[in-house]
Amino acid sequence: MLGASEVFNSFLRKAQQETQQIPTEEVPLEIYLSKRQKVTVNILTSDQTEDVLEAVASKLDLPDDLAGYFSLFLVREGVDGGLTFVRKLQDFELPYVSVTSLRSLEFHIALRKSYWDTAYDTDVMDNRVGLNLLYTQTVSDIERGWILVNKDQHRQLKSLQEKGSKKEFIRLCQTLKYFGYIQFDPCVTDFPEKGCHAIVSAGNNELNFQVKLPNEQMKEGSFKVTRMRCWRVTSSQVPVANGTASPPPLQQVPVANGTASTSPCSSAQCEVKLELAFEYLMSKDRLQWVTITSPQAIMMSICLQSMVDELMVKKSGGSIKKMLRRRPNGSLHRSESQQAVKSPPLLDSPDPDREQIVKLSTKLSSVSLRGTSDVGGNDFHGNYAFEGIGDDDL
């Protein structure tokens, strides 16, 4: 009720503008659809997330009832062109203020599907624009290595691309590992041992861990959101090993199901460390806390919350499909011109010498262990994997 209150939202809108001293005016805003594609929409600086999403849907000719399947995300573009998902923009945020207040060209706003159950893909693919958006996102996920594809599957996908068979392309991708997952940057976890390097991905109602143990052994496993009793996001100030402080983390970030302090360090010799911790049912009558140290802890928390929300909607027999809210006073009148979603180029041929485990190991080797404690701790459930921890106890 509080989140839906127009009075409360009006207060938040004004607070964001006054904090950054940004007046209400018409401005262009770029929205990325993929690494190669973006659209520019004309909005007001005072437009909230849903207003901007409405403008994007109108620009692309995406029906209002399908716009609810997508969300806007704040992303950071790396020097290598890779995208780091910082967080999903909340309803009360002003996207223009959020991205411009960071005062860095490496931050953008991106459009991405916001649901986890692949069954909803059918609804989206029934519409031409929705199909193109989902297809573009899928190709981008393959190119950045989020979806695992072997040589034979790659040949099949390229053949479908050449034929223009986008639905069949997506249906084949739905059978591939990590389809629909969001992969986070390398981080540190205390499971199965403290100080382990890991790649964490969110999708299919779980957090997937690809872990590199101190003995260089690689293991993988999944934590189901239905077995998490609760989770929290916390922050702490830790010393910087080399005596130089890195830039403070993003400020004014909302947290789902937890709290996080974003105040800058009081000392030039420290930085803020974010952690996501969840209490997990490892086996019958045994709960255990698992902690992830990552600058993307807030994004991970938002993913978990959206998974729970989606499961609750499905359990109640509801639908995630929603009509965009139309304000009586309306925001800026949208342009009549529409823009088509272009098909991405054909997939590059995979490197025959590249193995996923090597790629993962390279990613993990750059993870900093700053602020972590000595190695010790828990045993893995299984030899090389802990897939579906505790499922046999259900």
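The values are calculated or read from the model by the stated rules, or taken from the named source; none is laboratory data. None of these values were measured; they are calculated from a predicted model. Every residue, glycine among them, receives a Cβ derived from its backbone with ideal geometry; neighbour counts consider all protein chains shown. Quick note on the areas: whole protein, heavy atoms, side chains included, nothing else; ligands and nucleic acids left out. Shrake-Rupley method; radii C 1.70, N 1.55, O 1.52, S 1.80 Å.
Numbers at a glance
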quantity	calculated
Region 273-305, residues that are of a type in the set (Asp, Glu) and at negative phi	GLU275, GLU279
Count of residues meeting criterion [in contact with a Pro (Cβ under 8 Å, 6 or more places away or on another chain) and open to solvent by 30 Å² or more (accessible area, probe 1.4 Å)] in region 78-91	1
Single residue of region 1-45 satisfying the filter (touching a residue at least 60 places away in the same chain (Cβ under 8 Å) and small (Gly, Ala, Ser)) that is nearest to PHE107 (Cα to Cα)	SER34
Residue check, GLN48 within 19 Å of the chain's Cα centre (by Cα) and either of a type in the set (Val, Ile, Thr) or modelled with pLDDT under 95 (or both)	no
LEU12 vs. criteria more than 21 Å from ALA202 (Cα to Cα) and at pLDDT below 95	yes
Test: VAL149 is among the hydrophobic types (A, V, I, L, M, F, W, C) and in contact with a Pro (Cβ under 8 Å, 6 or more places away or on another chain)	yes
LEU134, sole failed condition from (1) open to solvent by 10 Å² or more (accessible area, probe 1.4 Å); (2) modelled with pLDDT of 95 or more; (3) in a helix (DSSP H, G or I); (4) under 30 Å from VAL313 (Cα atoms)	(1)
Those residues of region 172-194 which are over 24 Å from CYS303 (Cβ atoms) and either free of Cβ contacts under 8 Å to residues at least 60 places away in the same chain or surrounded by fewer than 18 Cβ atoms within 10 Å (Cβ to Cβ) (or both), in sequence order	LEU172
Condition met for GLU168 (surrounded by fewer than 18 Cβ atoms within 10 Å (Cβ to Cβ) and of a type outside the set (A, V, I, L, M, F, W, C))	yes
Answer residue from region 114-131, given it is in contact with a Gly (Cβ under 9 Å, 6 or more places away or on another chain) and free of Cβ contacts under 8 Å to residues at least 60 places away in the same chain and is surrounded by the fewest Cβ atoms within 10 Å (Cβ to Cβ) among those	VAL124
Qualifying positions in region 1-15 - open to solvent by 30 Å² or more (accessible area, probe 1.4 Å), assigned to a helix (DSSP H, G or I) and either more than 21 Å from GLY68 (Cα to Cα) or small (Gly, Ala, Ser) (or both)	VAL7, PHE8, PHE11, LEU12, ARG13, LYS14, ALA15
Filter pass, LEU102 being assigned to a loop (DSSP other than H, G, I, E, B), under 25 Å from GLU143 (Cβ atoms) and in contact (Cβ under 8 Å) with a residue 60 or more places away in the chain	no
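Residue-by-condition table, conditions (1) over 19 Å from TYR135 (Cα atoms); (2) open to solvent by 10 Å² or more (accessible area, probe 1.4 Å); (3) outside any loop (DSSP other than H, G, I, E, B):
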| position | (1), (2), (3) |
| --- | --- |
| PRO28 | yes, yes, yes |
| VAL41 | yes, no, yes |
| ASP47 | yes, no, no |
| GLU54 | yes, yes, yes |
| ALA57 | no, no, yes |
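Each row is one residue, and each column tells you yes or no for (1) modelled with pLDDT of 85 or more; (2) surrounded by 19 or more Cβ atoms within 10 Å (Cβ to Cβ); (3) among the β-branched types (Val, Ile, Thr).
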{"residue": "ASN208", "(1), (2), (3)": "yes, yes, no"}
{"residue": "VAL211", "(1), (2), (3)": "yes, yes, yes"}
{"residue": "MET218", "(1), (2), (3)": "yes, no, no"}
{"residue": "VAL238", "(1), (2), (3)": "no, no, yes"}
{"residue": "ALA260", "(1), (2), (3)": "no, yes, no"}
{"residue": "GLU271", "(1), (2), (3)": "no, yes, no"}
{"residue": "LEU274", "(1), (2), (3)": "yes, yes, no"}
{"residue": "GLN288", "(1), (2), (3)": "yes, no, no"}
{"residue": "ALA297", "(1), (2), (3)": "yes, yes, no"}
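Yes/no matrix, rows are residues, columns are (1) acidic (Asp, Glu); (2) over 14 Å from the mean Cα position of the chain (by Cα):
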position: VAL139; (1), (2): no, yes
position: GLY145; (1), (2): no, yes
position: ASP185; (1), (2): yes, no
position: GLY195; (1), (2): no, yes
position: VAL200; (1), (2): no, no
